[in-house]
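Visitor: One structure coming up, written as structure tokens, with questions to follow.
The values are calculated or read from the model by the stated rules, or taken from the named source; none is laboratory data. As the structure is a prediction and not an experimental result, all values here were calculated from the model. Positions of Cβ are backbone-derived with ideal geometry, glycine not excepted, and every protein chain shown enters the neighbour counts. All accessible areas refer to the heavy atoms of the entire protein, side chains included, with ligands and DNA or RNA removed. Shrake-Rupley method; radii C 1.70, N 1.55, O 1.52, S 1.80 Å.
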Amino acid sequence: MSSEQSLTIEQLSEYQNVVITQPNCPYCVKAKALLDQQGTEYSTLVLGQQLTKTVMVDFIQHIANVNVRTVPQIILAGHYIGGHDDLVAYLERQIDNNDFDDFEL
């Protein structure tokens, strides 16, 4: 994949709800299933297709000051959630509250 095909950090910043995945990733499938159960609309971006791993790492570093190496990486309502386990913890804390502003890692 050439850098011309990859989304930029600026373009990624336009996504409010996104799951960054890669093929054959069981935790990506589980995370998307959880979001589907919640009725959350989101976009899926696949490493090697819509963006490079370097762009993903730089983007997460830019928005959350966190170094990541794995997928899925999840952003909801423009806020960085993290990976699958972080999503599970986030959803457990949001049972009666749809406000994304009080979530902390």
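Visitor: From the set of residues in the range 1-28 that are within 14 Å of VAL46 (Cα to Cα) and among the aliphatic types (A, V, I, L, M), which is modelled with the lowest pLDDT?
Guide: Within the range 1-28, the match that is modelled with the lowest pLDDT is MET1.
Visitor: Go through the range 68-105 and count every residue that is at pLDDT 95 or above, open to solvent by 30 Å² or more (accessible area, probe 1.4 Å) and of a type in the set (S, T, N, Q).
Guide: Here the count works out to 1.
Visitor: Okay, next question. If you go through the range 38-48, how many residues are open to solvent by 40 Å² or more (accessible area, probe 1.4 Å) and in contact with a Ser or Thr (Cβ under 9 Å, 6 or more places away or on another chain)?
Guide: Total satisfying the criteria: 1.
Visitor: Going through the range 5-23 one residue at a time, which ones are hydroxyl-bearing (Ser, Thr, Tyr) and either in a loop (DSSP other than H, G, I, E, B) or open to solvent by 60 Å² or more (accessible area, probe 1.4 Å) (or both)?
Guide: SER6, THR8, SER13, TYR15
Visitor: Okay, moving on. So how many residues does the range 63-75 have that are over 12 Å from the mean Cα position of the chain (by Cα) and closer than 9 Å to LEU12 by Cβ?
Guide: Here the count works out to 0.
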